[in-house]
Amino acid sequence: MGEFKVHRVRFFDYMPSGIRALAFNRDTERMAVARMDGSVEIFHCSDRFFQEKIIPGREQCGIEGLSWVGERLFSAGLNGGITEYDLTNQKVKYTIDAYGGPIWTITGNQQGTHLAVGCEDGTVKLFEVNEDKIQFERNLDRQKSRIVSLSWHPSGSKIAAGMMDMIQIFNVETGHSIHRMLADRGVGTSRSKECVVWSVVYLSDGTIVSGDSVGMVKLWDDQTGTLIKSHNVTKCDVLALSVSQNEDSLVAGTSEGTVVQFQFVSMVLGKDDNEWVRTRTFKNHTHDIRAVAEITTAVVSGGMDAQLVVKPLLDKIEVRSAASALRKIHFPHRRLVFCARKSGLMLFQYPGHLELWRLGESEGKGIPGSSLFVKRNPEKLLHLKVKGEDHIRCSAVSPCGEWIVYSTASSLRLYRLHCDNNNVSITKISKLPKVLSSANQLCFSSDSSHLFSASTQSSVHIVSLSQSGCKFVGTLKPKSGSHQAIHLLAASEDGEWLASANSDHEVHIYNLQTRKAHCTVPVYSSAVTAMGIHATTNCLFMMYADQQMCEYSIEQKQYTDWSRTVQRKGLHRLWMERDTPCLNVMFNPQNPSHVILHDTYMLCIIDQSLPLPDDKTQFYNQLTLKSLTEEQRKSHSHAFKVCKTFKDILCVELISDQSLVVVERPLEDVATQLPAPIKQKKFAT
Amino acid sequence: MLYIYIYIYIYNIVRCGGSKVNLRPPIISTDSRFLLCASGDLVKVYSTRTEEWLHSLQGHTNQVTGIALNPANHLQVYSCSVDGTVKLWDFIDGILIKVQLVLTHFLTLFGLCVSACPECFQLVAVHLPKSAEQEVEAKEMSVVSSHISSNPSCTAFGRGGEYIAFARHLQLNVYFFRKQKTCSFSLKATDKKGAKNAFTCIACHPTDDCIATGHEDGKIRLWRNFIHKKEYTYSTQHWHHNAVNTLCFTPEGTHLLSGGIESVLVQWQYGAGNRKEFLPRLGGSILHISVSSDGQLFCTSHSDNKITVIESSFKVCGVIQGLVKDGVLTDLMIDPRSKALVLNGKPGHLQFYSLLRDKHLYNLDIVQQEYIYEAGLDQFEVVKAAFDIKGSWLATVEERGQKSSDLEFFLKLWAFDERTQSFVLNTTITAAHTDRIISMCFSSSKETTMLVTIAEDGQFKAWCQGADADTQQDQNFWSCDFVGSYHNLKPTNCSFSADSSLLAVSFQEVITIWSPETWEMLTTLCQPPGVIRDLCFGRLSCSKYLLGTTTRNLLCCWNLLTCALEWSSSVEVSKLQPDPLSENVAAFSYQSKHTDVFVFKPSEPRPLFTNKNVCSEKVHRAVFVPREEPLNNCDESSQWLNRSQLYFLTQNMDLLTFSTATEEDRILSSSKQLVIDDSVAVTPFYLLLGKHGQQQQKLNTQSHPALLHTPAHVLPAASVLCSMFVNSLLISNTGVQEEMDSEKEEEDSEEEMEACDSQQELRVQGSVDEVTLKLSKAQERELKRVRKTDFSWMAGLIDSKP
């Protein structure tokens, strides 16, 4: 496998932001996730929950609700505005003010014609969804207290609204209230506290389900406005509800971190007298669950502990596979750490600032597995705050460590770093070419002479960098008509090739000499999660979200023989069952046949010269190999060498002095920085 | 040959009383008046209101393993037994109606006709043929499943008997009778959170299709939609911290009851998630729960051989306590006052159990601390107890930390309080010895009571009352009087002679004889090799002998007058038990995997009685129980049983005894008597009549108790009977007039009632012709004569009396 000196970096204090809202689009199988910091992420549910798109948030922009209307995504927040997102270019399209004070909830009807928002001033406002904008239509009868939750009847003729202490049913036609149903306050001391109806769901049979701050899930009849049944789910709040598409299952998220499932089952077998019965309880969160969504085969939940949990419903899954396993997504599927390979600098990307660190140095040599004495401690060189309210979308540091660039939704800034001994200073490059107004992805060429900036419509702008400044060189445009934003860029070591991957799963290769599109890698059904161009062979190595891997020879414009062998023989079962995507592809310059990959839980070196494992061979064979003699080792070794020494890996990078930088962010550290969860009585304490 | 026959006939080793009442769930009759439970080879019938044992259904020859009400007739009960029969009883009258021979060993009986047999644990449906004969052989059997658990609570019938649910290990199976289809669902053995998912019990909802299952880690799952292989679903509820032993739905299906080792009855509201009620501190861990058909009464069986009757308002209204035989650490003792058997009962208690009535009398709380029902906790246990000869003092030793090194123990002395008729704590001695107390005994003299304890610290101590000057004058506490030891050897046993003039304490191989008056060591006796195990003085005419057993299989008898060994014999004696009322000593010897009993007099080396192979386990505990009235057995080999009866406890905790033939006859006859008495419903009218009937029996054997027991509507007109009845009383009355008049008023009222009924009786006369026909012509004539007789003189007779 080879020996490496490893910089084990644990000073990247990345804090994922808590999840505030979820919205599932059944047609496209996309899950939209809104976080506390205002960012919106799109996950592809059928592609192993790969995080396809990230729309960074802004300061002071709390999102309270998300809603899909067709393929359009809307959000509303406490700043009182409704925002539509441009998902192609991964940015905010427009924001309009609803003029009703803070908005607590937003929901679109099934017909896709209207949006309803619930405001602090007690109004439910209806917006008509037009071709390219939304238009305020009217208010429903104004209520005294704020509207916390809303749900349309599937027919679109009625709306149920959850408020303080009560639930109202509105007729959409007339705008008048049909029924007013009072939710009970808790008993005892909580009697004086008002009951917040955090969530309502209107079922097509006229049943309204509500979850409130008393901890009850209540079922109401909309004809009579009476309570049918109530389930005491928790001592704390029921914060979120979601119903399955065929309305036979309902999930409720509580502030204890549990998801409670209710099912519509027949009480006597064979008869049709179904009832809602509380069935399973899932506990995968430590903190409040702020949002749940029941998708076709799973329950997705997210909350204050910032993890997205996908709990599969085994009764709805035909074949159990790795794709349908319990999944916990802690970290973004994007790189947040960048390394200046040649100078040993690291750039950490936080939502609102950048940090530049110099790696420490160590002394002497040690035996494998031992830790070396640190001669010089790592040092924070720079703390770069973002100008403006927008959060950073992407950033990069050049391999030589001289250039730092970052981009927000509205602006792009390029800095030049002067580093002589202990004095660090930066200068902002002021005159940037106009095309560099904003970038979806940024990348430097390996000799740090050029900056590649991915822009709208899958185009890449090339800017040459020099001591004096920067100069726009040209734009690379793909042959195909895809307009999706590019999320990955890879430049070759010799400066000849550039590969770009976009959300439509297209990978384009450009010749940098001619600045023309060279070829397009055949489109695969899964998204590319990481790619790299081999330094000597100029082969593009790609990792996909479904854990497949491909090697594509740029010069020959075809898959390599090794890649074809992998496709033919298939990958090992244990490799396919990993549940986090590979986030970086590197090549060992000392051994051209070695490819280094990593995901959140492991570091892997693929030796292309060795045979591939089949399902019968032992996949994690490091320990076995150790115990064998030299000759036996040869017959037992296979291409995959997996190292599980490191956990919760955010980034692995190979730097020029043959040492690896492993950036870890232990989940325990994340947990300690979270607010205290609701205190619960634990048995035997 | 004849000899052997008689021998076997006379001595019958019988399992006596105190058998388990908690083996199977008890059932409550439809009218909630009777509670039936399988106990040994009997089915016992108790009253739910008074908790009295009414009678028992006798007839099985082996352990009864299941009872179920006859669904066709709620006054009948089916029972099955390991003897391979299913019997149908009328449980109110205690009459055996039908016997079905099925040649398998039944494990238990479920509802309609499905039973389980234990060899391979199969669930079989037995077709019970309809036949008028009393004894029928049921041949038709069909196996429902062979994947059932050996635990009968893992099988239950579903709604209306449409399906049966049974679980084994991690698999739940539901068999639908109509479709003849089995659906099975499995759980994982463990998960990441350490759940233990093995099934422990099952209950089915009476109206909904919902199966409740209990699990080893205390979870309760409610399964629904189990007709589908895939879309089945369950919800989980968790309160018990240890395995759920039993589950039961109320008949309406509104509540689910569960119980486990915590001894808390939990009532879950069906369909309302976590809402539950608790009834804590019920005693031993709950093994079974059953509910009466109207849902008004629950009853729980507990591991300490107890049935608790609970009202639906969650109030305990009765306790049926059997003999507790788990964890017996003390010897078997007899309370000299109540003649009750005393041994460990509830944890931390001594139980007083009347062997004659087979009834638990009361528990004496020794430890006086709350007992926590949880596995693995080290809690105080009563390990030793002793009564003095009059029964006015009780000494107990409780210990904690038997396993660990830090031993804690208390010696407590209890005085009998005449006023409250119970024992009251007199003295607690915290550090009686520096190490564990091995044995203790009271002196048997009538004047002064003295307690001697021996401990592993090599000392024996004598305790007397009021010897300490520091204590207050008016209260007499116990304090140490003398500390003795012998060459720092560890004592092994101690014993007082019958007149308390001598105390024998054995130190390893040496027996020392002390005079309790002067505390002077009189002599030592030694017969190596072997450490002395048991020690006892002879009684009455044999009081000059001292008996001892050693670990090296030697039974020695010393003559105390000559201080020499009188005789010795090589037998491995595990228990030596002297009879306090005679010279006899019983020795239990364990050889080649069975126990033999010898009864002998110390003066005669030849045993009075030997019985080989009494049981297959070692016997460490035995006691002679004095009889209330001595028997008059002339047979030489049974004379030793005349004055007292020998009870012994095997290692399997079976309480066995020797009974004689005459005794058994008596028991049989008495039980028949009981049956007749209980055949009449206990109504106020019956009480009135019953009292009358008893007195009448004394007065006149010629009178007709049948008259009083026959329903009024089948009797001839009162006018017909009255004079005859009165006449019969009159004839008997000549000798005992005094008793007569007290009953006069009762008779009057009775006649009134009968007169009221006469109108109706006339109407149904046709049906009772045969009754009237029984009166012969002569009787009729007599009746007419009697009717004409003037009884006015009786009024004068009554008036003359004050």
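The values are calculated or read from the model by the stated rules, or taken from the named source; none is laboratory data. Everything numeric in this text was worked out from a predicted model, so none of it was measured. Cβ atoms come from the backbone with ideal geometry, glycine included; neighbour counts cover every protein chain shown. When the accessible area is computed, the model is the full protein with side chains, heavy atoms only, and any ligands, DNA or RNA have been set aside. Shrake-Rupley method; radii C 1.70, N 1.55, O 1.52, S 1.80 Å.
So which residues in region B:292-311 are surrounded by fewer than 22 Cβ atoms within 10 Å (Cβ to Cβ) and more than 19 Å from B:H240 (Cβ to Cβ)? Across region B:292-311, the qualifying residues are B:S293, B:D294, B:G295, B:Q296, B:L297, B:E311. Applying the condition of being within 24 Å of B:G271 (Cα to Cα) and open to solvent by 40 Å² or more (accessible area, probe 1.4 Å) to region A:281-297 and asking which residue is nearest to the other protein chains (Cβ to nearest Cβ) yields A:T281.
There is at least one residue in region A:490-497 that is of a type in the set (S, T, N, Q) and under 29 Å from the mean Cα position of the chain (by Cα). Among the residues of region B:270-288, is there at least one that is modelled with pLDDT of 90 or more, under 26 Å from A:R278 (Cα atoms) and open to solvent by less than 50 Å² (accessible area, probe 1.4 Å)? Scanning region B:270-288 turns up at least one residue that is modelled with pLDDT of 90 or more, under 26 Å from A:R278 (Cα atoms) and open to solvent by less than 50 Å² (accessible area, probe 1.4 Å).
Which pairs do you get when a residue that is among the charged types (D, E, K, R), found in region A:161-174, comes within reach of a residue that is open to solvent by 20 Å² or more (accessible area, probe 1.4 Å) and part of a strand (DSSP E or B), reach meaning Cβ atoms under 7 angstrom, with the pair 6+ apart or on two chains? If the second residue must be open to solvent by 20 Å² or more (accessible area, probe 1.4 Å) and part of a strand (DSSP E or B), the pairs left are A:D165/A:L182. Evaluating B:V86 against the criteria (1) within 23 Å of B:K325 (Cα to Cα); (2) touching a Cys at 6+ places or on another chain (Cβ under 6 Å) leaves one unmet condition, (1).
Do you know which of the residues in region A:257-273 that are more than 8 Å from chain B (Cβ to nearest Cβ) and in contact with an Asp or Glu (Cβ under 8 Å, 6 or more places away or on another chain) is least open to solvent (accessible area, probe 1.4 Å)? It comes out as A:G257. Restricting A:L465, A:L512, A:L476, A:L488 to residues that are closer than 24 Å to A:L597 by Cβ and among the aliphatic types (A, V, I, L, M) narrows the list to A:L488.
Looking across region A:464-479, the residues that are out of contact with any helix residue (DSSP H, G or I) (no Cβ under 8 Å at 6 or more places or on another chain) and either among the polar types (S, T, N, Q) or surrounded by fewer than 18 Cβ atoms within 10 Å (Cβ to Cβ) (or both) come down to A:S464, A:S466, A:Q467, A:S468, A:G469, A:K471, A:V473, A:G474, A:K479.
Tell me, yes or no, whether region B:312-332 has at least one residue that is open to solvent by 10 Å² or more (accessible area, probe 1.4 Å) and among the aromatic types (F, W, Y). Yes, that holds for at least one residue.
Among the conditions (1) within 13 Å of chain B (Cβ to nearest Cβ); (2) in contact with a helix residue (DSSP H, G or I) (Cβ under 9 Å, 6 or more places away or on another chain); (3) not β-branched (V, I, T), the only one that A:S213 does not satisfy is (1). Please verify whether region B:141-153 includes one or more residues that are more than 15 Å from B:T236 (Cβ to Cβ), among the small types (G, A, S), more than 35 Å from the chain's Cα centre (by Cα) and within 11 Å of chain A (Cβ to nearest Cβ). Among the residues of region B:141-153, not one is more than 15 Å from B:T236 (Cβ to Cβ), among the small types (G, A, S), more than 35 Å from the chain's Cα centre (by Cα) and within 11 Å of chain A (Cβ to nearest Cβ), which makes the answer no. Kindly evaluate B:Q639 against the criterion of being modelled with pLDDT under 85 and either open to solvent by 20 Å² or more (accessible area, probe 1.4 Å) or hydrophobic (A, V, I, L, M, F, W, C) (or both). The answer is yes for B:Q639.
Residue-wise test of (1) open to solvent by 20 Å² or more (accessible area, probe 1.4 Å); (2) on the phi < 0 side of the Ramachandran plot; (3) in a loop (DSSP other than H, G, I, E, B); (4) not aliphatic (A, V, I, L, M).
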{"site": "A:H7", "(1), (2), (3), (4)": "yes, yes, no, yes"}
{"site": "A:F12", "(1), (2), (3), (4)": "no, yes, yes, yes"}
{"site": "A:A21", "(1), (2), (3), (4)": "no, yes, no, no"}
{"site": "A:F43", "(1), (2), (3), (4)": "no, yes, no, yes"}
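Residue selection: A:H333 satisfies the criterion of being surrounded by 23 or more Cβ atoms within 10 Å (Cβ to Cβ), part of a loop (DSSP other than H, G, I, E, B) and either within 14 Å of another protein chain (Cβ to nearest Cβ) or modelled with pLDDT of 90 or more (or both). Residues in region B:193-242 that are aliphatic (A, V, I, L, M), surrounded by fewer than 22 Cβ atoms within 10 Å (Cβ to Cβ) and within 10 Å of chain A (Cβ to nearest Cβ): B:I227 alone. If we scan region B:191-201, do we find a residue that is at positive phi and modelled with pLDDT of 85 or more? No: region B:191-201 contains no residue that is at positive phi and modelled with pLDDT of 85 or more.
The set of residues from region B:388-413 being open to solvent by 30 Å² or more (accessible area, probe 1.4 Å) and in contact with a strand residue (DSSP E or B) (Cβ under 6 Å, 6 or more places away or on another chain) comprises B:R400, B:E408, B:F410. Between B:N70, B:N62, the distinction of being without any contact (Cβ under 8 Å) to a residue 40 or more places away in the chain and in contact with a Phe, Trp or Tyr (Cβ under 7 Å, 6 or more places away or on another chain) belongs to B:N70 only. When every residue of region A:112-126 is checked against the conditions, at least one turns out to be open to solvent by 20 Å² or more (accessible area, probe 1.4 Å), more than 17 Å from A:L78 (Cβ to Cβ) and touching a Gly at 6+ places or on another chain (Cβ under 6 Å). Only residues that are exposed (fewer than 13 other Cβ atoms within 10 Å of the Cβ) and over 29 Å from A:F683 (Cα atoms) were counted in region B:177-192, giving 4.
May I ask you to verify whether B:G327 is of a type outside the set (A, V, I, L, M) and under 30 Å from A:R278 (Cα atoms)? Answer is no for this residue.
Residues in region B:554-580 that are open to solvent by 60 Å² or more (accessible area, probe 1.4 Å) and within 36 Å of the chain's Cα centre (by Cα): B:P580 alone. Per this entry, A:T226 is counted among residues that are open to solvent by 20 Å² or more (accessible area, probe 1.4 Å), more than 13 Å from chain B (Cβ to nearest Cβ), more than 25 Å from the chain's Cα centre (by Cα) and at pLDDT 90 or above.
Residue by residue, here is whether (1) within 22 Å of A:N274 (Cβ to Cβ); (2) exposed (fewer than 14 other Cβ atoms within 10 Å of the Cβ) holds:
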residue: A:L150; (1), (2): no, no
residue: A:D184; (1), (2): no, no
residue: A:D205; (1), (2): yes, yes
residue: A:D212; (1), (2): no, no
residue: A:V233; (1), (2): yes, no
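Consider region A:657-685 and keep the residues that are open to solvent by 80 Å² or more (accessible area, probe 1.4 Å), away from every other protein chain (no Cβ under 14 Å) and not charged (D, E, K, R). The one that is farthest from A:S371 (Cα to Cα) is A:A676.
Could you please let me know if A:V197 is away from every other protein chain (no Cβ under 14 Å) and either within 21 Å of A:D141 (Cα to Cα) or buried (at least 24 other Cβ atoms within 10 Å of the Cβ) (or both)? So A:V197 passes the test. If I ask for residues that are surrounded by fewer than 20 Cβ atoms within 10 Å (Cβ to Cβ) and assigned to a strand (DSSP E or B), which ones from region B:333-348 would you list? Hit for region B:333-348 is B:M333, nothing else.
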